[in-house]
Amino acid sequence: MTAASHVRAIAIPLRPLFILIVALGSFLLFLVQPLIARLALPLLGGAPSVWNTAMVFYQAALLLGYLYAHALQHLPLRRQVLLHVAVLLAAALTLPLGLPETGLPPPGREARWLLLLLATGIGPLFVAIAAQAPLMQAWFALSSDPEARAPWFLYAASNAGSLAGLLAYPFLLEPLTALPNQQALWSGLYLLLLGLVAVAGLFLVRSAAPPQAVARTRVPVPFARQLYWVLLAAVPSGLMISTTTHITTDIMAMPLLWVLPLGLYLLSFILVFGRQGERWFMAARVAAPILLLVFGAAGLLSLDRAASIYGLASLFLLFAVAVALHGQLAISRPHVAALTRFYLCLSLGGVLGGLFAALLAPLLFDWVWEHPILLLAAALLMPAGPLTARIGRLWSGMGLPSRLLRTLAPGVALALSFWLGAVFNPQEPSPVQLLALLVIACLAVLAIGRPLMFSWQFAMFMLAVGGWQQLDISSIEGARTRSFFGVYTIQNVQSAKVRRLLHGTTLHGIQSLEPARTRSPMSYYAPDSGVGRAMRAIPALFGDGARVGFVGLGAGTLACYAKAGQAWTAFEIDPAVVELAVARRAFTYVADCKPDLRLVLGDARLTLAGEPRGSFDLLAVDAFSSDSVPLHLLTVEALRVYMAALAPDGILLLHVSNRFLNLERVVAAAIEAEGLVGRRLRYTPANDDALAGYAYSSSDWIMVARTPGRLEEAVAAATGGPHATAAWEPLAPAGDVRPWTDSFASILPVLKPLRSLL
């Protein structure tokens, strides 16, 4: 019996084997993404941009993998197998999975530093696995299987494996296992994949000569068609990243929220390349233009709560747009001989969309303008037809109504949009304003199926509901600042005579514009808030020479609690915040109250760990990224860093206000695990005429001490003033919430009810 006949006698089930290989490779590819980003998150202050920058690396590595798979097609099958197995073995030398130890990134170069870190840490592994999906499909096309000439089912298996990997991490691995176990599991599955690829390659090489006609056929693909594929892939990729930015900025940068947009993005591929793909595509091409009008425009509304609701609505919009555009890709897919070129164009589009949204946009724009720009690009590419044949004839006809519609519609929409930009109030719109919006919306609906006209009407609608206002803010010098860590906006509210600092959609500081009140702490730092009471109690607790530290500079509000003789230190990760609060003096708290404030730039955990033990008598942790506290600042290890920086009788204050998560239970679990004690204070401003003109905000603060006796002394000293409405209370029990650690954290047990999102 010859070797070839012996292999045939083994009768390896070829199709299930290739489905397993493709699915497992994609599973590993997308399991590693949240895992590695989770490892990198503490190194960059828990910023939402960590995931977006990591996504650009993943897409670029995916493109390299696809280029490698495409290049292999010029070699005989035997050489392909030998070379690919060798590449997988070489990449295995970098196991176990992890990131190299390195120093802190230089300010302003965080994105470049992270890309280099990922390239050196997981680059070889990622590129080797990224080649799996197109390469295995190309190999399968050379087999004698009846489905060899239409291996698109393997693409569906690839996307199913990708989605399974994404969902497995936040719902199984992250809640149930620690990071070292996750890394070991991934490494073991990689070795299994390597073995399966070797078996499949050996079978194909030693079996009877496969039909080479498919491989040798060269089907020319026009450049215009390839460019169209790239554009169709680029827009959903960019939208996925811009949508991720919004929801992780408002809630928390962590895997559970990272995977939602990416999961919907992958699901769109699964659906349109599946058996019912055409049905999904036909439904999306009808629904997507309407959803663009409703949800796309809502993203420009200047409402804090609306922005949070829009974060959820934008997920539906992303899904509809992705299904429509990816469905057009599925319909226009080429002959199997051009399979790897098709995937190469898809990957290139993904990289370009990611580069624009994650790296170029923060450099080019002072606000998240990339999101409406990508929505407009989606409108231009939308493969939609007129809602009815009669509407289609209305635009294309030669009669007077048709000519008037084509001539007047753009100008009418522009005029109404410009007028609304000057008068529209989304909180209290007048009937006339609503009517004007309705006219633009109706023109946009009538224009569906005419890409240029629909895009124009859609642009006018977005400008009308908030785009003009956003452009006005961006036109004011110094009103906005954008960095790796987010978008900062300064607003003067003349009716209240205050200046506000917003990070994303969340208020981060207020200062009065009245000279007599410029030194009065406002917003979350009111005198009767938890931190306000503790700051006023410092002389009684620690004497005149107290040493005070606070994490998160913000507008510098806390500096106005400083007294003569006290030594104050602020820890801030973002140079842009220091520029606003100190250098430019957009807010004058620091200049007016504590001009000798010591500033330490860098991630608070890492910089605090470098301070001498017992450096502070009181430490307030108030680091926020929009509405979220960076996850790594609430772990047991973080708590140990804080307590090490405090004197034996020192007091720790933690700001845990959050619209979406019950962080009190997380802190309670960590305090209990470390044998510490704590109290909480939920502050709500009193409705008192004496407080008129003071813009105070509700806040939740937790006080932590080493012993019950010291905690009682601090609580007794940190009493409220005459307008106080709340007292220090025992912490809510942690219950079934496990303390967060650097290797374990899950937000599932501490999510607030759905009504908290509204």
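The values are calculated or read from the model by the stated rules, or taken from the named source; none is laboratory data. This is a predicted model, so every value here is computed, not measured. For neighbour counting, all protein chains shown are included, and Cβ atoms are generated from backbone atoms with ideal geometry for every residue, glycine included. Side chains included, ligands, DNA and RNA excluded: accessible areas come from the protein's heavy atoms. Shrake-Rupley method; radii C 1.70, N 1.55, O 1.52, S 1.80 Å.
General observations
- Within the set A546, A526, A534, the sole residue that is touching an Asp or Glu at 6+ places or on another chain (Cβ under 8 Å) and small (G, A, S) turns out to be A546.
- Residue check, L420 buried (at least 22 other Cβ atoms within 10 Å of the Cβ) and free of Cβ contacts under 8 Å to residues at least 60 places away in the same chain: yes
- Among the residues of segment 538-558, those that are in contact with a strand residue (DSSP E or B) (Cβ under 9 Å, 6 or more places away or on another chain), small (G, A, S) and either at pLDDT below 95 or open to solvent by 10 Å² or more (accessible area, probe 1.4 Å) (or both) comprise G543, G545, G552, G554, A555, G556.
- Qualifying residues in segment 498-518 (those that are basic (K, R) and in contact with a strand residue (DSSP E or B) (Cβ under 6 Å, 6 or more places away or on another chain)) - the one farthest from G299 (Cα to Cα): R499
- Within segment 622-665, if we keep just the residues that are in a strand (DSSP E or B) and within 20 Å of the chain's Cα centre (by Cα), the residue that is farthest from P42 (Cα to Cα) turns out to be L661.
- Positions within segment 39-97 being outside any helix (DSSP H, G or I), open to solvent by less than 40 Å² (accessible area, probe 1.4 Å) and in contact with a Pro (Cβ under 8 Å, 6 or more places away or on another chain), in sequence order: G45, G46, A47
- Candidate set from segment 199-219 (those that are open to solvent by 40 Å² or more (accessible area, probe 1.4 Å) and modelled with pLDDT of 80 or more); member that is nearest to L31 (Cα to Cα): V199
- Filtered residue count, segment 424-450, keeping only those that are open to solvent by less than 60 Å² (accessible area, probe 1.4 Å) and part of a helix (DSSP H, G or I): 10
- Residue count for segment 578-594, restricted to those that are assigned to a loop (DSSP other than H, G, I, E, B), at pLDDT 90 or above and open to solvent by 30 Å² or more (accessible area, probe 1.4 Å): 1
- Odd one out for P410 among (1) without any contact (Cβ under 8 Å) to a residue 60 or more places away in the chain; (2) of a type outside the set (A, V, I, L, M, F, W, C); (3) open to solvent by 70 Å² or more (accessible area, probe 1.4 Å): (3)
- Selection status of A745, buried (at least 16 other Cβ atoms within 10 Å of the Cβ) and assigned to a loop (DSSP other than H, G, I, E, B): yes
- Selection status of T102, assigned to a helix (DSSP H, G or I) and not basic (K, R): no
- Test: L619 is part of a strand (DSSP E or B), touching a Gly at 6+ places or on another chain (Cβ under 6 Å), open to solvent by less than 10 Å² (accessible area, probe 1.4 Å) and not small (G, A, S): yes
- Check on L375, in contact (Cβ under 8 Å) with a residue 60 or more places away in the chain and buried (at least 20 other Cβ atoms within 10 Å of the Cβ): yes
- Within segment 477-528, the set of residues being assigned to a loop (DSSP other than H, G, I, E, B), at positive phi and open to solvent by less than 30 Å² (accessible area, probe 1.4 Å) comprises G478 only.
- Enumerated helices (runs of 4 or more DSSP H) restricted to segment 355-411, each holding at least 1 residues that are at pLDDT 90 or above and within 13 Å of I448 (Cα to Cα): 370-381
- Inside segment 248-283, residues that are aromatic (F, W, Y), more than 16 Å from R333 (Cα to Cα) and modelled with pLDDT under 85 make up a count of 1.
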